[in-house]
Amino acid sequence: MQINDQTIAAVTGGASGLGAATARALAEAGAQVTLFDLNAGLGAAQAAEIGAGFEPVDVSDPGSVAAGFKAVTDRHGSLHILVNCAGIGPAAKTVSRGAAHDPAVFQKTVAVNLIGSFNCASQAAAIMAANDPVTPDGERGVIVNTASVAAFEGQVGQVAYAASKGGIVGMTLPMARDLAQLGIRVVSIAPGLFLTPLLEGLPQEVQDSLGAQVPFPSRLGDPSEFAAMVCHIAGNPMLNGSVVRLDGAIRMAPR
């Protein structure tokens, strides 16, 4: 799919981090972009900066997601690209100081990261299915989900996060197969260590130490590199049903 001024895109978690970088890259390529985020102040400011729309959306709430997509279709008439970047990453062990992992924290993590991605992807696909094909192959839409290397090498304290991201990995191929006859592709990116707001809050020496764990390039990933992968996925029709590791060859240690 060629990204141009006829391309309609939505990015969840678009107010900051990987989502903000992706929204910016899509907008710079010419797409009409709408950001979904719970942080209304930051989301609206980010949208205004890149000439995008903004909708306050809780991805874990199907009704909120539906309202967000209605705003997109009311404004632009359709949807061609969805990028799911909204997510949370609480840290807690299965048992800590004799107490079991708080089930509410586990449930919330899965609700936002996994169910939230499903809510947005399934509703977006229903909209995309009504599109006229935009390529000779009959493509109508592209959905990009954000997994994590934690899906494969979850570290100590990441049981909830790793489970939620593992679910995204498991969802990728069957969703792509479900949507193949509709001309909608589904791809997931599993990023490694990227300089997102979570890591930006760490001391510089800690950031440098984390970056040094990456075989090559030995640094933290830049969100613009994640965004570039999203744009490549959109433009490469043979990328479908796959999980792409974007991690500089890192394999996470237990701690």
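Read-outs throughout are calculated quantities, based only on the coordinates presented, and are distinct from any laboratory measurement. Note that the coordinates shown come from a computational prediction; the quantities given were computed from them, not determined experimentally. Cβ placement follows ideal geometry from the backbone for every residue including glycine, while neighbour counts extend to all protein chains displayed.
Output the helices (runs of 4 or more DSSP H) that fall wholly within the range 187-255 and possess 1 or more residues being over 21 Å from Gly167 (Cβ atoms), under 13 Å from the mean Cα position of the chain (by Cα) and not small (Gly, Ala, Ser), or say none. It would help to see each step written out before you state the result.
On the way: elements: 197-200, 204-212, 223-235.
Of the helices (runs of 4 or more DSSP H) lying wholly inside the range 187-255, those with at least 1 residues that are over 21 Å from Gly167 (Cβ atoms), under 13 Å from the mean Cα position of the chain (by Cα) and not small (Gly, Ala, Ser) span 223-235.
Tell me, which helices (runs of 4 or more DSSP H) wholly within the range 59-157 include 1 or more residues that are in contact with a strand residue (DSSP E or B) (Cβ under 8 Å, 6 or more places away or on another chain), exposed (fewer than 14 other Cβ atoms within 10 Å of the Cβ) and of a type in the set (Lys, Arg)? Walk me through it before giving the result.
Details: elements: 62-76, 103-110, 116-128, 150-153.
Counting at least 1 such residues, we get 62-76.
Taking into account only those residues within the range 199-236 that are closer than 19 Å to Ala21 by Cβ and touching a Gly at 6+ places or on another chain (Cβ under 7 Å), which is surrounded by the fewest Cβ atoms within 10 Å (Cβ to Cβ)?
Going through the qualifying residues, I end up with Pro217.
Could you tell me how many of the residues in the range 31-66 are closer than 15 Å to Leu82 by Cα and small (Gly, Ala, Ser)?
Qualifying residue count, the range 31-66: 4.
Matching residues to (1) over 18 Å from Ser60 (Cβ atoms); (2) touching a residue at least 24 places away in the same chain (Cβ under 8 Å):
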site	(1), (2)
Ala99	yes, no
Asp102	no, no
Gln123	no, yes
Val134	yes, yes
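Within the range 17-52, which residues are on the phi < 0 side of the Ramachandran plot, surrounded by fewer than 21 Cβ atoms within 10 Å (Cβ to Cβ) and not in a helix (DSSP H, G or I)?
Matches in the range 17-52: Ala29, Leu38, Asn39.
Kindly indicate which of Ser64, Ser96, Ser60 is of a type in the set (S, T, N, Q) and over 30 Å from Arg255 (Cβ atoms).
Numbers: Ser96 fails: over 30 Å from Arg255 (Cβ atoms); Ser60 fails: over 30 Å from Arg255 (Cβ atoms).
One residue alone meets the criteria, Ser64.
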